[in-house]
Amino acid sequence: MKIVMIGNSAAAVGCIEGIRSVDEFSPITVIASEPYHTYSRPLISYLLCGHTDRERMKYRGNDFYEKNKCSCLFGKTVTAIDPEKKEVSLSDGSSVPYDKLLVATGSSPFVPPMAGLENVKNKFTFLSLDDALALEKALRKTSKVLIVGAGLIGLKCAEGIYGRCKSITVVDLADRVMPSVLDTDSSDIVKKHLEEKGIEFILSDSVASFADGEATLKSGKTVPFDIVVVAVGVRPNTKLIADCGGEVRRGIVVDETGKTSLPDVYAAGDCAESHDITTDTDKILALLPNAYMQGETAGVNMAGGDKRFDKAIPMNAIGFFGLHIITAGSYDGEETVLTDGRNYKKLIVKDGLLKGFILVGDVQKAGIYTSMIREQMPLSSLDFDAMKEEPSMMAMNESYRKLKLSGIK
Amino acid sequence: MKKVYVNEEWCLGCHLCEYNCAFANSGLSDMAKLKGKTITPNIRVEEGDKICFAVNCRHCDDPICVKSCIAGALSKSPDGVVEINKDKCVGCFTCVLVCPFGCVRPDEQGVISKCELCTKNAVGEPNCVKGCPNHAIVYEER
């Protein structure tokens with residue numbers, strides 16, 4: 001059986017490891033536009049601030065492809081899938097046949113139309129290694145950097161270049177930083193922390209136009225800059241599937257096994273939708289752990305095994321200059337908030353289940369909360385009052401403790 | 001595989017396992033040298049009104065921390081030990097986000113530290129168990 005994957009990041013790696021857990025021998029071909037050994041995309045900000053380097057940020061060891069009997073076609077782009085002939089066409093005119101195909105094409109930065117942006121010389125996005133290297137090349141100690149977007153990518157970019165430029169100004173249309181995962185109060189804590197470092201924020205505002213060295217905002221304010229980073233969001237790369245008739249909504253539609261609507265074609269990662277169990281809706285969860293697990297599930301099923309990816313939830317761990325933030329799930333429900341102004345905790349309960357949480361500062365043992373969400377543990381089965389104060393195994397019931405800590409069923 | 005299992009009925013809450021863990025991973029010649037130091041052991045005692053017990057990495061068969069690690073710094077060894085490569089870890093805390101037992105924590109340098117069953121230190125097998133006076137933790141197959 002010939003297995004082909006388009007993409008070489010977390011979903012593809014998960015898929016390869018999933019396949020090899022079931023099938024040791026079927027040949028795997030990995031096709032990717034980027035000419036690199038698999039690397040961790042979220043580590044590009046750590047690369048810029050020196051917390052990792054090109055070698056250490058490899059997502060798997062140098063022997064990964066050899067060990068997993070993969071042949072690599074890197075620096076080559078797939079231009080079309082022919083689900084009838086079961087082959088993919090490459091930009092160099094060649095084609096590669098498959099018996100099973102994984103589409104793990106990821107996402108691309110979304111750059112909204114902004115007047116004058118086309119004339120800005122030093123403009124960047126911040127998603128790939130090449131993005132980070134290009135930004136680094138343009139960066140000077142004297143640079144005034146304007147980041148459009150105060151989400152996870154924009155703020156991680158700010159941390160990455162901090163200390164390597166003269167100033168950082170972040171502009172966002174939203175009224176708070178990280179609006180997709182933080183509420184107003186927790187967002188304030190994070191914003192203050194970043195402001196104390198000297199990063200400037202202009203919120204509830206957006207760029208009206210770019211001119212030479214100066215951006216004019218909708219409010220009329222002006223922001224001088226030498227470098228612009230556009231980090232307003234990402235869009236799933238769904239074109240290959242849409243072009244050959246596969247079902248696409250916001251992302252590529254897949255079932256719990258990773259299958260698309262096309263025979264023997266699977267999809268995983270940022271390009272595909274997942275089923276968020278906290279809201280019972282299908283959505284794109286552009287998160288590395290999600291990509292890996294969805295890819296792994298697809299791999300097991302492609303190789304003839306049986307696995308379901310049925311516990312997907314939104315979840316994020318992120319930190320800036322030592323301040324840690326962990327969030328998970330969805331935020332519709334009854335809220336409990338505990339805060340001392342520096343540390344913040346919000347737990348969201350609905351239908352007798354923990355549905356989501358926000359932690360800023362003290363994030364220890366957050367995984368116990370995450371596990372309660374993923375496993376949909378009835379709150380009546382544990383000591384939730386104690387759990388609210390501090391996540392612990394002590395607050396779980398005795399039979400759960402015996403099972404997990406003592407191995408007694 | 002052999003793992004550290006809890007007999008919660010027997011735990012006295014003496015916290016010796018925490019000191020034995022910290023000592024085994026410290027490289028110090030004498031446990032007394034831990035005096036006055038803040039320790040970050042990979043096993044932690046949880047204390048309740050009536051019971052207490054020690055919790056360390058469960059070395060899960062299907063470890064969600066390994067699958068979630070954004071840096072590829074966590075892995076499962078052929079022997080089943082969930083290992084951390086501190087050199088690759090960037091301290092993003094995604095493993096803290098997902099560990100169902102709250103068993104991964106940052107060390108003094110801000111990267112993740114976790115129980116590796118003393119396979120990487122001079123002791124060679126769990127020092128927490130060796131020093132437990134009451135068999136409240138045991139190292140065995142179950």
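The values are calculated or read from the model by the stated rules, or taken from the named source; none is laboratory data. Treat the numbers as computed from the prediction; the structure is a model and nothing was measured. Neighbour counts run over all protein chains shown; Cβ positions are idealised from the backbone, glycine included. Each accessible area value is taken on the protein alone, full model and side chains, heavy atoms only, with ligands, DNA and RNA left out. Shrake-Rupley method; radii C 1.70, N 1.55, O 1.52, S 1.80 Å.
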What lysines sit close enough to A:LYS283 to cross-link, taking a C-alpha to C-alpha distance under 19 Å and skipping anything fewer than 8 places away on the same chain?
A:LYS239, A:LYS259, A:LYS311, A:LYS355
How crowded by other chains is A:396-405, given as the mean number of beta carbons from other chains within 10 Å of each beta carbon?
3
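Express in % the proportion of alpha carbon pairs of chain A at distances exceeding 40 Å.
The calculated P(r) of chain A puts 22 percent of pairs beyond 40 Å.
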Suppose the Debye formula is applied to equal point scatterers at every Cα of the stretch B:33-79; what is log10 I(q)/I(0) at q = 0.28 Å⁻¹?
-1.03
Dividing the convex hull volume of the Cα atoms of the stretch B:1-131 by its residue count, what figure in Å³ per residue is obtained?
121 Å³
Rounded to the nearest 100 Å², what is the buried accessible area between A and B, both sides summed, probe 1.4 Å?
3300 Å²
Among beta bridges assigned by DSSP with both residues in the protein assembly as shown, the antiparallel ones amount in percent, to the nearest 5, to 65 percent
Using the crude model of +1 on Lys and Arg Cβ and -1 on Asp and Glu Cβ, and no other charge, please compute the dipole size for chain B relative to its Cα centre, in debye to 20.
320 debye
Partner shielding of A:203-211, taken as the mean number of other chain Cβ atoms within 10 Å, equals 0
Using only C-alpha atoms and all pairs of different ones, pull out the Kirkwood radius for the stretch A:233-305 in Å with one decimal.
12.2 Å
Once the dipole of chain A is set up from charges on Cβ (+1 Lys and Arg, -1 Asp and Glu), the residue from the list A:CYS70, A:TYR266, A:LEU182 lying farthest towards its positive end is A:CYS70
Looking at the stretch A:117-232, I'd like the Rg to Rh ratio, where Rg is from alpha-carbon atoms and Rh is Kirkwood's inverse mean 1/r.
0.94
Rounded to a whole number, what % of the accessible area of the stretch A:91-250 do carbon and sulfur atoms account for, probe 1.4 Å?
50 percent
For residues of A:324-336, the mean tally of beta carbons on other chains within 10 Å:
1
Surface accessible to a 1.4 Å probe, per residue, for the residues of the stretch A:228-372, Å²:
36 Å²
Using Cα centres only, tell me the gap between the stretch A:62-127 and the stretch B:11-68 in whole Å.
45 Å
Going by accessible area, probe 1.4 Å, with all protein chains left in place, what is the ranking of B:LEU16, A:LEU379, largest first?
B:LEU16, A:LEU379
D for the stretch B:58-114, whole µm²/s, Stokes-Einstein with Kirkwood Rh over alpha-carbon pairs at 4 °C and 1.567 mPa s: what number?
117 µm²/s
Starting with the highest mean, order A:244-254, A:149-159 by the number of other Cβ atoms within 10 Å, averaged over the residues of each peptide.
A:149-159, A:244-254
Normalised radius of gyration for the stretch A:322-406, please: alpha carbon Rg relative to 2.2 N^0.38 Å, two decimal places.
1.06
So for each of B:121-134, B:99-112 I average, over its residues, the number of other beta carbons within 10 Å; can you give me the resulting order with the highest mean first?
B:99-112, B:121-134
Report A:LYS221's accessible area, 1.4 Å probe, all protein chains in place, as a number in Å² to the nearest 10.
110 Å²
Based on alpha-carbon centroids, what's the gap between the stretch A:232-301 and the stretch A:13-39 in Å, whole number please?
17 Å
Below 8 Å between Cα atoms, with a sequence gap of 6+, how large is the relative contact order for the stretch A:117-232 in percent?
36 percent
Please find, in a Gaussian network model of chain A (springs between Cα atoms separated by less than 10 Å), the residue of A:PHE357, A:PHE25, A:PHE126 whose mean-square fluctuation is greatest.
A:PHE25
Gaussian network model of chain A, Cα springs within a sub-10 Å range: biggest mean-square fluctuation belongs to which of A:ASP270, A:ASP131, A:ASP340?
A:ASP340
Taking the Cα atoms of the stretch A:1-70 alone, what are Rg (to one decimal) and Dmax (as a whole number) in Å?
13.1, 44
For a distance above 13 Å, tell me the whole-number percent of Cα pairs in the stretch A:259-300 that qualify.
52 percent
